[in-house]
Amino acid sequence: MKSVLNRTLPIALAWLFSWAGSAAFAADQAENKPAEPPLVEPAEPAVPERVRALLAAGKYAEAAQAVDQAADEKDANHQWLAYLKGRALYLAAKYDDAVAAYQQAEEKFPESRWRRRYRFGRALALARKGDFQAAEQIYRAEAEYLLSADRKREIAEVYLEFAERYFKPADERESPDYQKALEFYGKALESLGAEAPGQVGAKRGKEGRFAIKEEGRSATGESGDESPHSKEEIELRVARCFQELGNLQEAANRYAQFTKDHPASKLDLEARYRWGGVQLALDQKEPARRTWQDLLAAYGDNKNRRVAEAAFKLSETYSLPQPSSD
């Protein structure tokens, strides 16, 4: 782990110094025509006009004072303004004041979406004032976080939210986009990986995203139509995407692998039912028959509607002659 951090830390430092010199305070440009609601919230809130103008003019100390004035206004975004104040003080070369401002923001808003910027900003100010040891401690902690399972889960949450919006749009008039959903489900699985077990909760977090749960099991419904909560449920949704896209062979392969990997899963029945369905669609009648027969043997006493549906569809695998229309 230490060797990885030694390689990661210089990269993090280089990125941070580059980020520090970027145009972080560019105001959003509004279009004349009404815009549709964005898929996700903007990356940054708008900068108050007076603060933006002072920053653009290089009057950084005055900008910090303008931030304090903006904080007294109605509906002020205090968490964002706290970051802007620290940044303005840093640009004014008041590094001790910037460190104090960022420290105060971290303590006052520990759950803020800008908390990482508070820490990075504090580290940058510490480095500029010559306290490299304190700055390195912050950078090292952030590098460890970027490699952690918690970070992987956070990334998976974002991908999963995009996937769900494409798989099952909130607007019923909008058609699903299974190809895009598949891409984001795949990225969510890649982010979770073997080192990031846990549950992806359907309940939205503070920022409107799905929340990964360390413990507990929130099972989906019988049909698997609800939002995925766990890694195995996302895997089943990936198979569903291939099925909806008409890539039946790949869907069959995914369902088969799912039943092999998760034989004790509550979704095993659903996976077997759908596996038989795509096999039949591929005109693989004997394999479909065996799949549904195995399902009935394992779940014959289960009240799940898929059991009755599998028993009914089983007849379709025998190529029974159609009755005469006479």
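In segment 165-181, the residues that are farther than 11 Å from Arg240 by Cβ reach residues that are open to solvent by 60 Å² or more (accessible area, probe 1.4 Å) and outside any loop (DSSP other than H, G, I, E, B) with C-beta atoms within less than 7 angstrom, at least six apart or across chains, in these pairs: Tyr166/Lys180.
Among the residues of segment 124-138, is there at least one that is of a type in the set (A, V, I, L, M, F, W, C), open to solvent by 60 Å² or more (accessible area, probe 1.4 Å) and at pLDDT 80 or above? Break it down into steps so the answer makes sense when it comes.
Step one: of segment 124-138, the residues of a type in the set (A, V, I, L, M, F, W, C) are 124-127, 132, 134-135, 138.
Adding the requirement that they be open to solvent by 60 Å² or more (accessible area, probe 1.4 Å) leaves 132.
Okay, now just the ones that are also at pLDDT 80 or above, so 132.
Among the residues of segment 124-138, at least one is of a type in the set (A, V, I, L, M, F, W, C), open to solvent by 60 Å² or more (accessible area, probe 1.4 Å) and at pLDDT 80 or above, which makes the answer yes.
Candidates Asn304, Asn247: the one that is over 25 Å from Arg153 (Cβ atoms) and open to solvent by 60 Å² or more (accessible area, probe 1.4 Å) is Asn247.
A residue that is part of a helix (DSSP H, G or I), over 26 Å from Arg151 (Cα atoms) and either open to solvent by 70 Å² or more (accessible area, probe 1.4 Å) or modelled with pLDDT under 70 (or both) can be found somewhere in segment 256-278. Within segment 61-101, being open to solvent by less than 20 Å² (accessible area, probe 1.4 Å) and among the basic types (Lys, Arg) holds for one residue alone: Arg87. One residue stands out in segment 307-326 among those that are open to solvent by 100 Å² or more (accessible area, probe 1.4 Å) and either assigned to a helix (DSSP H, G or I) or hydroxyl-bearing (Ser, Thr, Tyr) (or both): the one that is modelled with the highest pLDDT, namely Phe312. Residues in segment 151-182 that are surrounded by 14 or more Cβ atoms within 10 Å (Cβ to Cβ), part of a helix (DSSP H, G or I) and not aliphatic (A, V, I, L, M): 14 in all.
Among the residues of segment 291-301, write down those that are exposed (fewer than 14 other Cβ atoms within 10 Å of the Cβ) and part of a helix (DSSP H, G or I). Give the derivation first.
We begin by selecting, within segment 291-301, every residue exposed (fewer than 14 other Cβ atoms within 10 Å of the Cβ); these are 297, 300-301.
Ala297, the sole residue that qualifies.
Within the bounds of segment 120-140, is there any residue that is touching a Leu at 6+ places or on another chain (Cβ under 7 Å), within 30 Å of Lys180 (Cβ to Cβ) and in a helix (DSSP H, G or I)? Checking segment 120-140: not a single residue is touching a Leu at 6+ places or on another chain (Cβ under 7 Å), within 30 Å of Lys180 (Cβ to Cβ) and in a helix (DSSP H, G or I). Does at least one position in segment 109-116 carry a residue that is crowded, with 16+ Cβ neighbours inside 10 Å, in contact with a Phe, Trp or Tyr (Cβ under 6 Å, 6 or more places away or on another chain) and assigned to a helix (DSSP H, G or I)? No, every residue in segment 109-116 fails to be crowded, with 16+ Cβ neighbours inside 10 Å, in contact with a Phe, Trp or Tyr (Cβ under 6 Å, 6 or more places away or on another chain) and assigned to a helix (DSSP H, G or I). Checked against (1) surrounded by 16 or more Cβ atoms within 10 Å (Cβ to Cβ); (2) at pLDDT 90 or above; (3) part of a loop (DSSP other than H, G, I, E, B), Tyr185 passes all but a single condition, namely (3).
The values are calculated or read from the model by the stated rules, or taken from the named source; none is laboratory data. Everything numeric here is computed off the predicted structure, so don't read it as measured data. Quick reminder, even Gly has a Cβ in these numbers, built from the backbone with ideal geometry, and neighbours come from all protein chains shown. Side chains are part of the model used for accessible areas, which takes the heavy atoms of the whole protein and leaves out ligands, DNA and RNA. Shrake-Rupley method; radii C 1.70, N 1.55, O 1.52, S 1.80 Å.
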